[in-house]
Amino acid sequence: MDYISTRGQSPAVDSAQAVLSGLAPDGGLYMPRAIPAFDWQHCLTLSAQQMSAAILSALLPDIPNMEALVKRAYTGKFETEDLTPTVPVGDFQVLELFRGPTSAFKDVALSMLPQLLTAAKREKGIAQEIRVLTATSGDTGKAALVGFQDVPGVSICVFYPFGGVSQVQRAQMVTQEGENVHVCAVEGNFDDAQTGVKNIFAACQGKALPFLLSSANSINIGRLAPQIMYYFKSYADLLSRKVISLGDKVDFSVPTGNFGDILAGYLAKKLGLPVGRLICASNANNVLTDFLTTGVYDRRRPLLKTTSPSMDILVSSNLERLLYLLSGDTALVAGLMKDLSEQGFYRVPDALLGAIQAEFAAGYCNDAQAEAVIGRVYREQGYLMDPHTACGWAAAETHRGDVPTVVLSTASPYKFSTAVLTAIGADTSGSEYDRMERMQALTGIPIPPALAALRTKPERHTGVIPKEKMLEFVLGR
Ligand SMILES: *Cc1c(COP(=O)(O)O)cnc(C)c1O
């Protein structure tokens, strides 16, 4: 199947090559030339793993043996066989995406990406090692490390900002085991680490290296496509609980940063799933709320540090895919992206804004509002959520319609214990482990075993380097 660049200036490639390349050479993102026909009703009758294989086979047909890859990616790695359960909470349904090995939703995609990458490599007859580079603000790094641990033919380097991630997030990364994993702190903030990674790609372009460079970021279609499954799974769960009948519409409220999670929902809709509105939920970094309301995307504003750090982002890369899908106009998309990089903002034509607003609603909440939501839902429903999920819940309340609403829950409350304990009026003193134990004692919700185990695991990756040394780090492993 042909994949083309959203900016229209690169040759079409097949789906295996799109996964291997990540970004298209013209700087655009790969998308299928046409969305394939898909038997969505049959898909709803399948198990979570079978659903995943059906969707991935449809979108990535040049990667063979999808069922075996899915099995290897997920079996025994998640708390439940159905991977992503949906539970009723008050007026809403909560789709729990944090039941994987690192307690954040990125596990769904990053368990699968290594399988797709190595299969694509085999398919293309590439013998070279692939070295995956990732800059992380906390969640992506650990999920990628676990996904790639000891995968043959691949190695991974993760860079995180020194002092810029939570104690649990740091412990998750520096204790990572595996012969092919490398983790290092960078002096600077997340942007410094991310710019450092981009500079490494630029410096290595066209150079003969002993490995191929790749990325675990959601610009890769191989990271986006595995996320479509949980929209189908949640819909199927609502069907089997008789909350809906086949064909009924369901709204989804999605905590959004890079626009990856929510775009997967739009792709589910394009494959036929009866999705109503997709509600784009942001924190105080509300660049997407402004865009979806006015048609102007303007990143010229300070990046705020919030209690939902995985959504602290001003340039939502995957929005480019939506602009392409709804306009079909690669020249327009290329022009808008040029405006964004040169002027810091762009404005979409009115017709395109109208098309976007027909599919998407938007809302945001600041830290105080998120805290109030966590406290209120815990008091009234006995359900404890993390600050990212709280943004989704708040946006769902703003846009409550007359069809069932699913709120996507993207992280375990145990990953953000200070904010969550504050929200329920509890003491936040002590170490992050003290806080986890206090939360467990107060709420009776068990600490995810992998998080509890961190306390006694030896630290294996304690290096800290200036950002100028990142290339050396990558070449020296
Ligand atoms: C990454 C992340 C998000 C945002 O997902 P995007 O795909 O970047 O939109 C939301 N919540 C958590 C906990 C995350 O780790």
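If you put +1 on each Lys and Arg Cβ and -1 on each Asp and Glu Cβ, how big is the dipole of the range 109-160 around its Cα centre, in Debye rounded to 20?
120
For a test of the definition: using alpha carbon positions, the gyration tensor, and the 1.5 limit on a/c, classify the chain as rounded, prolate or oblate.
rounded
What do the square roots of 5 times the Cα gyration tensor eigenvalues come to for the range 1-82, in whole Å, largest first, as semi-axes of the equivalent ellipsoid?
28, 15, 10
Normalising by the residue count of the range 237-357, find the relative contact order in percent from Cα pairs under 8 Å and 6+ residues apart.
24
With just the Cα atoms defining each centre, how far is the range 426-477 from the range 249-322? Give it in Å.
28
Leaving out ligands, DNA and RNA, what percent of the accessible area of the range 1-143 is carbon and sulfur, probe 1.4 Å?
C and S fraction of accessible area: 47 percent.
Just want the answer: with Cβ charges of +1 for Lys and Arg and -1 for Asp and Glu, which residue in Val87, Ile35, Met1 is farthest toward the dipole's positive end in the range 1-110?
Towards the positive end, the residue furthest out is Met1.
Calculate the spin-label point distance for Ala441 paired with Phe345, positioning each point 7 Å from the Cα along the beta-carbon direction, and give it in nanometres.
Label-label distance for Phe345 and Ala441, simple model: 5.1 nm.
Which parts of the range 135-157 would a label at Gln128 reach, counting a residue when its backbone N lies under 15 Å from a point 7 Å out along Cα-to-Cβ?
153-155, by backbone N distance to the label point.
Specify whether the C-alpha gyration tensor of the range 436-477 places it in the rounded, prolate or oblate class, a ≥ b ≥ c being the square roots of the eigenvalues: rounded for a/c under 1.5, otherwise prolate if a/b is larger than b/c and oblate if not.
Prolate is the answer for the range 436-477, as a/c is 1.5 or above and a/b outweighs b/c.
Subtract the Cα-Cα distance of Ala452 and Ser429 from 0.36 nm times their separation in residues, and report this length gain in nm to one decimal.
Gain on stretching Ala452 to Ser429: 6.5 nm.
Please give the charge dipole size of the chain, origin at the Cα centre, charges +1 on K and R Cβ atoms and -1 on D and E Cβ atoms. Round to the nearest 20 debye.
Around 500 debye, computed over the chain.
Using a ≥ b ≥ c from the Cα gyration tensor of the range 231-341 (square roots of the eigenvalues), is it rounded, prolate or oblate, where a/c under 1.5 gives rounded and otherwise the larger of a/b and b/c decides, a/b for prolate?
Because a/c hits 1.5 or more and a/b fails to exceed b/c, the range 231-341 counts as oblate.
Could you tell me which of the pairs Lys198/Lys305; Lys71/Lys269; Lys124/Lys415; Lys77/Lys121; Lys71/Lys415; Lys338/Lys415 are separated by over 32 angstrom between their Cα atoms in the structure shown?
Among Lys198/Lys305; Lys71/Lys269; Lys124/Lys415; Lys77/Lys121; Lys71/Lys415; Lys338/Lys415, the Cα-Cα distance tops 32 Å for Lys124/Lys415; Lys338/Lys415.
Rolling a 1.4 angstrom probe over the protein heavy atoms, how many square angstrom per residue are accessible across the range 363-477?
On a per-residue basis, 45 Å².
Please report how far the C-alpha centroid of the range 143-204 lies from that of the range 1-34, rounded to the nearest whole angstrom.
First find each Cα centre; the distance between them is then 26 Å.
Ignoring GluC sites (Glu not before Pro) that are buried or in helix or strand per DSSP, and keeping those with at most 16 other beta carbon atoms within 10 Å, what is the longest stretch of the chain between them?
That would be 180-458.
Among the trypsin sites (Lys or Arg not before Pro) within the range 106-145, which fall in a DSSP loop and have no more than 11 other Cβ atoms within 10 Å of their own Cβ?
Sites meeting the loop and neighbour criteria: none at all.
Collect residues whose amide H, placed 1.01 Å from N in the peptide plane, falls under 5 Å from the amide H of Ile465; neighbours closer than 5 in sequence don't count.
Amide H neighbours of Ile465, under 5 Å, 5+ apart: Ala185, Val186, Glu187.
The values are calculated or read from the model by the stated rules, or taken from the named source; none is laboratory data. These numbers were taken from a predicted model, which means no experiment stands behind them. A quick note on method: Cβ atoms are made from the backbone with ideal geometry, for glycine too, and the neighbour counts reach across all protein chains shown. Note: areas computed on protein heavy atoms with side chains; ligands, DNA, RNA excluded. Shrake-Rupley method; radii C 1.70, N 1.55, O 1.52, S 1.80 Å.
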